[in-house]
Structures are given as structure tokens and as C-alpha cells.
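Peer 1: Before anything else, here's the structure in question.
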Amino acid sequence: MDYGTGSKMHKHLIFNPILFNKNIKRIIMANLSTVTSSPESWNETQADLIAVGVFEDKSLTPMANTINEASNFSFTEAIDLGDVKGKSGESHFFYVDGKRILLLGLGNKNKFDANAVRLAAGKVSRTAISKKLDSVAMECFCNNCEHCQSCGEGLVLGSYQFLDYKTGRDDGFVLKSAKVLRCDSPDIAKGAAIGNAVCFARDLGNHPGNISTPTRLAEAAKEIADEGGMKLTIFDREEFTEMGMGALAGVALGTDEPPKFIILEYMNGGDEKPKVLVGKGLTFDAGGISIKPAGKMDEMKYDMCGSATVLGTMKAIAALKPKINVVCIVPSTENLLGGKAFKPGDILTALNGKTIEILNTDAEGRLILADGLSYASKHYDPEFILDFATLTGAVLVTLGHVAAGVMGTDESLMEKVKISSKNSGEKVWELPLWPEFCKQIKSDIADVKNMGTPGQAGSIAAAAFLKEFVKKDIPWIHFDIAGTAWGGKTTSLDPKGSATGWGIRLVLDMFDV
């Protein structure tokens, strides 16, 4: 089924009102939607909170200097007394001429980069929310507006909260407005749009499995398609099974929740080859017959965060409308234990014709991705393919919540990933995809098996499996985001107990959006 811009959603994609209470669907927008720039100075703005900065060398930012002089050098006095040290993350309140001033520590001036600006901006929003202040204004901390995008990103990301299921009157306070003073860069609005796309992805991940179903992902894709003038195609269970997607169909056998194969096409780049994004949309993973332990199984609502990353990226593209071609593919289902569920020992056949021996039904993400990658290879001539998946617990053991594991087939593409990782502050670490590892997923009775050598290189074995479903002449990188998609350290940008929307800013930097 194809859906053009503004088309009606097919009836089987509409929410079941019994399962989804529309009265609690985004009662409030729990993050900033826009950030504005303003020529105002600190004493002209009516914002409830005004943020300026100080570095570790005790030097003040330009607007902080002005306020310092107007306040009879109160900042200098606090610095001399040792209360203000300028360390990153430090904050102090001052009250000058009826204004509430937040003096932020900005850390080492020589290391003050885009990510430092982003973190500082996030701190501004978080502080305002903690004080229940409606509006904030922050000084542009850039020397030549080189990091204004980070100001917009940080203010929005720092404002994010997930309040959809809070029904008490005092359960949450939402920041209403933010602006950057003495700045007119359009990059502020761009950063806010990117921040909103990340928040959109966080929402998809944070909703429980009975809300963020494959049907909900399909509806989210429809919203993006309408906003960005994209072509949307959705195949249901009968359609993708008949097409030959036996791996996705096999995983979906155990659930009554309708699975979806979702394709978004944004073609605004002329004759250039499309960049293809594939995201794992496993909306709840009980492990199937190879059932998971009960402890922390609730976190398996996050197993669709790969799809949230690619849909969030398309959300940003819909807003910014760059001159590029991008295709987004999301195979989506649950992995449950119904009477028809696939079993260890079964043989499935993927779209590209390769047969798969099932050794563990909890290694299902690589199965649905196999059909997503096969479809991308068969129906497009892509510049490259990037896939995102909360694929293995092994990557969490290896890299913790600090970095995503990346593996692929093209050195120049991998170098671009690493450069954009540095630019975005979203860390990656390359793991080897050597032939020795690739041999470990060969099966004795089928083409491949869905597990490598037990207890060894689990993340690499999963990537080696995926490699079998990408045409050899297509550059491809796999991102294992099981450690970065949720559960990491709380920062001014990443709230506690929330999906992160990890990878969106990295991809947009790669695409030069």
C-alpha cells in the first residue's frame, strides 16, 4: 500500500480506541517546540531566567562582564571568595536590577566546543524547569556564532520530559519559551528543529509496548510523510509474507499485534543515489520461545529504539527539507510466545533467498533486519546503508552506556561516521568484522544461523549475520545501540529513565543537513 502526501491512512492503521486512550495522547507538549533569537540585551528581556557564563580561568563571557559591572562586580566577588570556580556543570544564582541571573560554569575555555555549548544550554532549560520558571534567555556563548545550532539543540533537549501518563496536577512543569540573546543566526531554529526530532524519537521509545505498537510506528511515519512531502509505503503481514520476507514473518508469528513493514522515501536530491536508513522496530521483545528472564523485561519496550532513530532522522529532514535523497525502512513486530510462534530449530527464508537456522528465538532483531536490508539491497541502488538496532547485550558489556558499537564494510564510510560522531558528541567505537568472525554464523543445515559461537564476540557475530543480507557492492555500517538508546548516565541533555534518541544528530551531521 502506498500513501502519498496528505493521503488517508488505511483503516487497519488507525488506533484501536480500546487499546489507546486518545485523552492521554500528548496532553501537553512536554518539551520546547521552538527557540528564538533576539537582539535584546540582558536588561531588556522579560525572560524569567537569564543565563551567562564563566570559564575555569575565571574569565567571564561578554554579557556576564556587562552584568558584573552593573552589579558592582558581584561575579568577581564570588569568584574571589572561591564560591564560583567556572567548572563545567556548575551554576549559581544572582539577582541584579530585578533580574534572575544564572551564572553557568563553562569549563576549560580551550576545550569549549559545540558539545560543551549544547550541555550548557541543556542546563539552562533543566534549571528553569526545576525552579518552575516559564521562560529563559541565554547568552550566545559562541565567538562567531559557530555553535548556535548547539544552543538550539541543547535548549530543546534539556527541556524534554515524558509526562504523558502523569495525571496529578503537580506531576510536572513544562518550560514554555526560550531565546538566545544578541544573536540572529538561523542555526538556532535549525538546532531546535533537530532537538524536536530527537524528542519525537524519545517519545516513541518511552511509550509502553501497548501504545508504541507497529501500528503506532506506521502512524508516526504517516505524520512525517505528510509534513515532509514523502512517499509512504506500508506492507502488512499478508503482503510482506507473500513477498518472501520469511524472517520478519517468522518472528511475527507469535503475536496477534499486526506487524508492519514501513518505507519512507524522501526524494529531494535530484539524480543522486539515495542514502538508506534501516531501523529495528521490535516494539516489545519477550524473547519468544527462548523467553527472557522476568527481571527488567519491562525495558524491552525500548527494543524499537533503532526505528525511533531512523524515524526521528526523517522527522528532522521533514522539517528542514534538505536537497538530498533518503529512504527509511522499518520492519516492525513484537516477539512473543503465541501458539504459532517460531521455535529453535526452525528454518526461515529471508527476502534475498538465504535460509536461516534458528538457534535462539531471542536473537530476533537480526532476523527482521535481514529482510529490511534485503529489501534495501533489492529495490534501491543506494549510496550506502546505515542500520540501527538495540541488537545485543554484548555491546553493553563491551562499551557500557558510553558508546555504540559500529561495524561495516567500507572504510571511507566508517571514517565519515567517526567524524560525525565527534561533531555530534555521540560516541562510537569500531569493532572488527574479520572473516574469522563471519565464519562463526555459517550453519551446517542452512545458509546461516542466527547465533555465533556461544559466549564469544556476540555483537560482532550479529553484525556478521546482517552482512549476509547486504549486497557486496553496497557500503554498509551497522550501529549496535543497545547501550546508548536508553539507560545511560543522566545529563543536562538526557533525562533519567528515558530513551535518548541517540544517533539522530550523528546521522544528520553525516548527511550535512
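Peer 1: Residues with beta-carbon under 10 Å from that of LEU369, excluding LEU369: net charge, scoring Lys, Arg +1 and Asp, Glu -1?
Peer 2: Its environment carries a net charge of -1.
Peer 1: Longest exposed-loop-site-free stretch of the chain, with GluC sites (Glu not before Pro), DSSP loop and at most 16 other Cβ within 10 Å?
Peer 2: Working: sites that count: GLU40, GLU44, GLU146, GLU272.
Segment 273-513 is the longest.
Peer 1: Beyond 14 Å, what share of the Cα-Cα pairs of region 353-410 is found? Please give it as a whole percent.
Peer 2: That fraction is 65 percent.
Peer 1: Treating only the Cβ atoms of Lys and Arg (+1) and Asp and Glu (-1) as charged, compute the dipole magnitude of region 347-499 about its Cα centre; round to the nearest 20 debye.
Peer 2: Its charge dipole is roughly 260 debye.
Peer 1: Now for a separate question. At 7 Å along Cα-to-Cβ for each site, give me the label-to-label distance between ASN110 and LYS340 in nm.
Peer 2: Reported label-point gap for ASN110 and LYS340 is 6.6 nm.
Peer 1: Expressed in whole Å with the largest first, what are the equivalent ellipsoid semi-axes of region 313-375 derived from the C-alpha gyration tensor as the square root of 5 times each eigenvalue?
Peer 2: Output for region 313-375: semi-axes of 32, 14, 8 Å.
Peer 1: May I ask for the Rg/Rh ratio of region 389-513, computed from Cα atoms with Rh as the Kirkwood radius, given to two decimals?
Peer 2: 1.00
Peer 1: Please compute the net charge surrounding ALA482, taking Lys and Arg as +1 and Asp and Glu as -1 over other residues with Cβ under 11 Å from its Cβ.
Peer 2: Combined, the nearby Lys, Arg, Asp and Glu give -2.
Peer 1: Separate question: How much mean residue ellipticity at 222 nm does the chain get from its helices, if each DSSP H run of length 4 or more adds -39500 (n - 2.57) and you divide by all residues, to the nearest 500 deg cm²/dmol?
Peer 2: The per-residue figure over the chain is -10000 deg cm²/dmol.
Peer 1: So if a site counts as exposed when it's one of the chymotrypsin sites (Phe, Trp or Tyr not before Pro), its DSSP state isn't H, G, I, E or B, and it has at most 14 other Cβ atoms within 10 Å, what's the longest stretch of the chain without one?
Peer 2: Details: sites that count: PHE73, TYR165.
Between exposed loop sites, the widest span is 166-513.
Peer 1: Here's a follow-up. I need the P(r) histogram for region 391-430: all alpha carbon pairs, bin width 10 Å from 0 out to the longest distance, whole percents.
Peer 2: Pairs per bin, as whole percents: 30, 49, 21.
Peer 1: Now for a different question. Where both partners of a DSSP beta bridge lie in region 376-513, what percent of those bridges are antiparallel, to the nearest 5? Can you show the working numbers first?
Peer 2: On the way: 6 of 14 bridges.
Among the beta bridges of region 376-513, antiparallel pairing accounts for roughly 45 percent.
Peer 1: Per q in 0.16, 0.19, 0.20, 0.22 1/Å, what log10 I(q)/I(0) does a Debye calculation on the alpha-carbon atoms of region 336-443 return?
Peer 2: The calculated log intensity ratios at q = 0.16, 0.19, 0.20, 0.22 Å⁻¹ are -0.95, -1.25, -1.33, -1.44.
Peer 1: For LYS179, give me every one of the aspartates and glutamates with a C-alpha distance below 14 angstrom, ignoring sequence neighbours fewer than eight places off in its own chain.
Peer 2: GLU40, GLU44, ASP48, ASP134, GLU139, GLU153, ASP187
Peer 1: Also, I was wondering about something else. Provide, as a two-decimal number, the C-alpha radius of gyration of region 117-175 over 2.2 N^0.38 Å, N being how many residues it has.
Peer 2: 1.26
Peer 1: Remind me, what semi-axes does region 51-138 give for its equivalent ellipsoid, largest first in whole Å, using sqrt of 5 times each Cα gyration tensor eigenvalue? It would help to have the intermediate numbers written out before the result.
Peer 2: Values: eigenvalues 66, 63, 22 Å².
Those come to 18, 18, 11 Å.
Peer 1: Here is a further query. Count the DSSP beta bridges whose two residues both fall in region 86-196, then state the antiparallel fraction as a percent rounded to the nearest 5.
Peer 2: 55 percent
Peer 1: OK, next. At 1.4 Å probe size, with no ligands or nucleic acids counted, give the accessible surface of LYS58 in Å², nearest ten.
Peer 2: Accessible surface of LYS58 is approximately 90 Å².
Peer 1: Still on this structure, please answer the following. With r defined as the distance between the Cβ atoms of THR36 and LEU359 and R0 fixed at 51 Å, what FRET efficiency is calculated, to the nearest 0.05?
Peer 2: Result of the calculation: an efficiency of 0.40.
Peer 1: Follow-up. In angstroms, what radius of gyration and Dmax does region 179-310 have, counting Cα atoms only?
Peer 2: 17.8, 60
Peer 1: R0 = 25 Å: FRET efficiency of GLU44 with THR76, Cβ-based, nearest 0.05? Don't jump to the answer; show the numbers that get you there.
Peer 2: Numbers: r = 23 Å, r/R0 = 0.94.
E(calc), rounded to 0.05, equals 0.60.
Peer 1: Dimensions of region 259-415 along principal axes (Cα, Å, largest first)?
Peer 2: 48, 37, 30
Peer 1: Another question about this same structure. Report the net charge of residues surrounding LYS85, where surrounding means a beta-carbon distance below 13 angstrom and charges are Lys +1, Arg +1, Asp -1, Glu -1.
Peer 2: Once positives and negatives cancel, what remains is -3.
Peer 1: In addition: Which whole-number percent of Cα pairs in region 245-303 have a distance greater than 15 Å?
Peer 2: 64 percent
Peer 1: Of all DSSP beta bridges located in the chain, what percent are antiparallel, nearest 5? It would help to have the intermediate numbers written out before the result.
Peer 2: Values: 31 of 70 bridges.
Taking every DSSP beta bridge within the chain, about 45 percent pair in antiparallel fashion.
Peer 1: Could I ask something else about it? Thinking of the chain as a set of Cα atoms, what percent of all their pairs are more than 39 Å apart?
Peer 2: Above the 39 Å cut-off, the chain has 27 percent of its Cα pairs.
Peer 1: Using Cα-Cα distances under 8 Å and only pairs 6 or more residues apart, what relative contact order does the chain have, in percent?
Peer 2: 15 percent
Peer 1: Can you give the accessible area per residue of the chain, in Å², using a 1.4 Å probe?
Peer 2: Per-residue value: 41 Å².
Peer 1: May I have the pair-distance distribution P(r) for region 106-249, computed from all Cα-Cα distances with 10 Å bins from 0 and rounded to whole percent?
Peer 2: For region 106-249, the pair-distance distribution reads 11, 29, 28, 19, 11, 3.
The values are calculated or read from the model by the stated rules, or taken from the named source; none is laboratory data. The model shown is predicted, which means the values in this text are computed figures rather than measured ones. Don't worry about glycine lacking a Cβ; one is built from the backbone with ideal geometry, like all the others, and counts go over all protein chains shown. Each accessible area value is taken on the protein alone, full model and side chains, heavy atoms only, with ligands, DNA and RNA left out. Shrake-Rupley method; radii C 1.70, N 1.55, O 1.52, S 1.80 Å.
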